[in-house]
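One structure is given here, and the rest of the page talks about it.
The values are calculated or read from the model by the stated rules, or taken from the named source; none is laboratory data. As the structure is a computational prediction, the values presented were derived from the model and not from experiment. Here the Cβ positions follow ideal geometry from the backbone for every residue, glycine too, while neighbour counts run over all protein chains shown.
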Amino acid sequence: MTRISLTRAGLGLWFALFCHTTAFGQIGAILSGIGPVNRSMGGAATAAPLDTLGAFQWNPATITALPNSADFGLELLVPQSRLGSSVAGSGRVSPPAHWAREFRQ
């Protein structure tokens, strides 16, 4: 290998190991619908005119099939997520130590 390709490989390895951040978007709730009726269908109410709340979000054309009505809904989401990990130092490569990290959302 040439010196330039070794330098590029070294820089790529350095960026891969040290230039990253925690992916905070991986822990959380996945909302499968809008409104209580569409949430009870698990997001499968896209083509079914069930109520006006879901029709406004997923398919506005289905509003024409709904009777004259008004819908009100309330949802409360309070997630309590916790993730933790730990790695003990081996003593051969690194000094014997205990590293731990915890993430709370």
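So, in the stretch 42-81, of the ones that are among the β-branched types (Val, Ile, Thr) and either touching a helix residue (DSSP H, G or I) at 6+ places or on another chain (Cβ under 6 Å) or on the phi > 0 side of the Ramachandran plot (or both), which residue ends up surrounded by the fewest Cβ atoms within 10 Å (Cβ to Cβ)? I'd like the intermediate steps shown before the answer.
Pass one, the stretch 42-81, residues among the β-branched types (Val, Ile, Thr): 46, 52, 62-64, 78.
Imposing the further condition that a residue be either touching a helix residue (DSSP H, G or I) at 6+ places or on another chain (Cβ under 6 Å) or on the phi > 0 side of the Ramachandran plot (or both) reduces the set to 62-63.
On the way: 62: 19, 63: 11.
By that ranking, first place goes to 63.
Only residues that are modelled with pLDDT of 70 or more and not charged (D, E, K, R) were counted across the stretch 21-41, and they come to 7.
Tell me yes or no: at least one residue of the stretch 1-15 is part of a helix (DSSP H, G or I), loosely packed, with under 10 Cβ neighbours inside 10 Å and either touching a Cys at 6+ places or on another chain (Cβ under 7 Å) or modelled with pLDDT of 75 or more (or both).
Taking the stretch 1-15 first, the residues part of a helix (DSSP H, G or I) are 3-15.
Add one more test, that the residue is loosely packed, with under 10 Cβ neighbours inside 10 Å, and what stays is 3-5.
So of that shortlist, the ones also either touching a Cys at 6+ places or on another chain (Cβ under 7 Å) or modelled with pLDDT of 75 or more (or both) come out as 5.
Yes; the residues of the stretch 1-15 include at least one that is part of a helix (DSSP H, G or I), loosely packed, with under 10 Cβ neighbours inside 10 Å and either touching a Cys at 6+ places or on another chain (Cβ under 7 Å) or modelled with pLDDT of 75 or more (or both).
Of all residues in the stretch 68-81, those being at pLDDT 70 or above and more than 19 Å from residue 34 (Cβ to Cβ) number 2.
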